[in-house]
Amino acid sequence: YSTLDFSRHPLSESTLLDNCGATHVVNDVRMLDEGTLVKERPGRTIEAGTSSLPVISRDTCTIKGILNGKNGKVNLVLNDVAVVEGFHVNIVSEALLCKKGAWYYRYDGTLRIRDEHESSVLLITTRLYNVVFIEYKPLSTYSNALANVPTSTGNVLIYPTLE
């Protein structure tokens, strides 16, 4: 027996690599580093499809021990992250990573640093449902109830909804 929490998206704890995103986004203020919270001015929004979602603050977010470093795992530190409470997933902007010298190689699903001839692998991403995940963390209640996230015939991710 398993219950579903429909107040949260089944992938709300996951983090996607977004090749269209202009900013990093987290959906929970608790993901931010302590002591760096900056309240956003009223009226600031993130555009997603036909929706404008309010940004409540901006801050630094550290994803601990996720990248390969010279001496083991290191943190991914994201600056100026928009907090949009209740957003369905967390997003890392590929464009902003590129500005820092990291780039995504889609043929083997890796996040890399330096040029293509002498690059190092920072992270092996996970591709599921035609989406690239930096961190794949499905809600446990969801994964117990359904074996797969539903997709359409066009392999588009379908989000469960209640009417």
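The values are calculated or read from the model by the stated rules, or taken from the named source; none is laboratory data. From a predicted model like this one, the values you see are computed outputs, not experimental measurements. So basically every Cβ, Gly included, is an ideal-geometry build from the backbone, and we count neighbours across all protein chains shown. These accessible areas exclude ligands, DNA and RNA; they are computed on the full protein's heavy atoms, side chains included. Shrake-Rupley method; radii C 1.70, N 1.55, O 1.52, S 1.80 Å.
Observations, loosely collected:
- Filter result for the condition that a residue is open to solvent by less than 30 Å² (accessible area, probe 1.4 Å) and either under 22 Å from residue 128 (Cβ atoms) or under 18 Å from the mean Cα position of the chain (by Cα) (or both), over 68, 27, 19: 27
- Boolean, residue 8 is part of a strand (DSSP E or B) and either touching a residue at least 60 places away in the same chain (Cβ under 8 Å) or buried (at least 17 other Cβ atoms within 10 Å of the Cβ) (or both): no
- 1 or more residues more than 24 Å from residue 113 (Cβ to Cβ) and touching a helix residue (DSSP H, G or I) at 6+ places or on another chain (Cβ under 8 Å): qualifying strands (runs of 3 or more DSSP E) within the range 35-94: 57-69, 72-83
- Qualifying residue in the range 103-111 (condition: within 19 Å of residue 14 (Cα to Cα), surrounded by 13 or more Cβ atoms within 10 Å (Cβ to Cβ) and without any contact (Cβ under 8 Å) to a residue 40 or more places away in the chain): yes
- Residue match in the range 49-59 (condition: touching a Pro at 6+ places or on another chain (Cβ under 9 Å), exposed (fewer than 13 other Cβ atoms within 10 Å of the Cβ) and modelled with pLDDT under 90): no
- Among the conditions (1) open to solvent by 40 Å² or more (accessible area, probe 1.4 Å); (2) under 23 Å from residue 58 (Cβ atoms), the only one that residue 83 does not satisfy is (1).
- Residue check for residue 63: open to solvent by 20 Å² or more (accessible area, probe 1.4 Å) and among the β-branched types (Val, Ile, Thr): no
- Hey, residue 117 at pLDDT below 95, outside any strand (DSSP E or B) and closer than 30 Å to residue 41 by Cβ or not: no
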